[in-house]
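Step one of this worksheet: look at the structure below.
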Amino acid sequence: MKMLCDLHTHSTASDGQYTPSELVGLARRAGIEVLALTDHDTLDGLGEAIQAGNALGLQIIHGVELSAKEYNTFHILGYAFRRDAPELQELCRHMRQRREERNPRLLAFLHRHGIDLSLEEVLALSGGAVLGRPHFAQAMVCRGYVKNSREAFDRYLDTEEYHQEVERDKPSVRECIKAIHASGGKAVLAHPYQIGLEDNALEELVGKLAAGCGLDGIECFYPRHTPEQVAFYLSLVEKYQLHATGGSDFHGEAIKPDISLTSWHIDVGWLSG
């Protein structure tokens with residue numbers, strides 16, 4: 001049975017604008033029936049989201065978004081895992097440590113480019129969550145170095161120079177998928193267009209992930225996917241016997257002003273099977 005779903009969202013537990021309970025309230029008012037909270041490298045917001053979902057009658061799916069090292073923007077979404085699973089918790093703990101180790105390098109990188117930020121002011125914007133690049137982008141906007149977060153990423157935080165000099169060590173995609181599966185969850189390739197591969201190379205990657213790592217699905221529906229891309233990703237789902245998911249990647253209008261909570265009719269029965 002298909003339901004109105006947004007399976008890719010972020011809260012203040014990582015780099016989102018709204019608390020998990022606020023996010024659930026927004027989703028409920030938007031008419032969403034199933035919501036997955038997929039914060040970066042942390043499960044900390046899930047308890048609050050589930051409690052809010054129970055109170056409002058909104059189904060919440062356990063989720064997480066993990067970064068893999070093979071490409072600059074290579075993310076794996078984990079769904080429907082056990083929250084107490086030590087394998088996934090341990091991987092998230094290591095990834096949080098690597099983010100913390102990255103922060104001094106990131107600040108030094110920005111300083112070399114004439115941007116003088118302190119860790120304290122970035123932490124103040126994060127509300128105590130795991131620091132991500134959007135928090136640094138927000139600080140740059142607040143100080144007037146850039147007009148918006150998109151400019152911060154385009155000029156500084158998503159350049160080849162940044163990825164070579166600053167970006168943290170990440171686990172392999174095999175490690176990400178293994179931890180999700182060991183936790184009883186399903187692994188989905190997030191926003192495949194962001195990897196930047198041509199169709200033939202992307203299909204080769206999907207084939208390897210499906211056969212060699214047990215990839216379960218592809219995020220086919222996404223605000224920045226063109227109709228042609230959606231059709232291609234759906235063809236890969238059919239060819240490799242995967243599942244199609246969709247999500248907005250909502251962070252909040254203050255962080256991603258052009259991205260709103262969005263819902264697609266998606267079959268989520270396989271996530272509980």
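Apart from one condition, Ala13 fits all of (1) closer than 30 Å to Gln164 by Cα; (2) touching a residue at least 40 places away in the same chain (Cβ under 8 Å); (3) touching a Leu at 6+ places or on another chain (Cβ under 7 Å); (4) not charged (D, E, K, R); the exception is (3).
Of the residues making up segment 22-60, those that are more than 16 Å from Gly247 (Cα to Cα) and either in a strand (DSSP E or B) or open to solvent by 50 Å² or more (accessible area, probe 1.4 Å) (or both) are Glu22, Arg29, Asp44, Glu48, Gln51, Asn54, Ala55, Leu56, Gly57.
If only residues of segment 169-213 that are of a type in the set (Asp, Glu) and in a loop (DSSP other than H, G, I, E, B) are counted, the one that is most open to solvent (accessible area, probe 1.4 Å) is Glu198.
Checking each residue of segment 73-96 against the condition of being closer than 27 Å to His265 by Cα and of a type in the set (Ser, Thr, Tyr) gives at least one match. Within segment 239-273, restricting attention to residues that are in a loop (DSSP other than H, G, I, E, B) and among the small types (Gly, Ala, Ser), the residue that is surrounded by the fewest Cβ atoms within 10 Å (Cβ to Cβ) is Gly273. Out of everything in segment 215-238 that is open to solvent by 40 Å² or more (accessible area, probe 1.4 Å) and in contact with a strand residue (DSSP E or B) (Cβ under 7 Å, 6 or more places away or on another chain), what residue ends up being farthest from Tyr79 (Cα to Cα)? Only one residue tops the list, namely Leu234. Restricting to segment 198-228, name every residue that is touching a residue at least 24 places away in the same chain (Cβ under 8 Å) and basic (Lys, Arg). Within segment 198-228, just Arg224 meets the criteria.
Among residues that are part of a helix (DSSP H, G or I), open to solvent by 30 Å² or more (accessible area, probe 1.4 Å), of a type in the set (A, V, I, L, M) and touching a residue at least 60 places away in the same chain (Cβ under 8 Å), Leu4 is not included.
Within segment 1-34, which residues are modelled with pLDDT under 95, among the acidic types (Asp, Glu) and out of contact with any strand residue (DSSP E or B) (no Cβ under 7 Å at 6 or more places or on another chain)? None; the set is empty.
Within the set Gly273, Gly217, Gly246, Gly212, the sole residue that is small (Gly, Ala, Ser) and modelled with pLDDT under 95 turns out to be Gly273.
The values are calculated or read from the model by the stated rules, or taken from the named source; none is laboratory data. Predicted, not measured: the structure shown is a model, and the values here were computed from it. Cβ sites come from the backbone with ideal geometry, for glycine too, and all protein chains shown count toward neighbours. Calculation scope for accessible area: heavy atoms of the full protein, side chains included, ligands and nucleic acids excluded. Shrake-Rupley method; radii C 1.70, N 1.55, O 1.52, S 1.80 Å.
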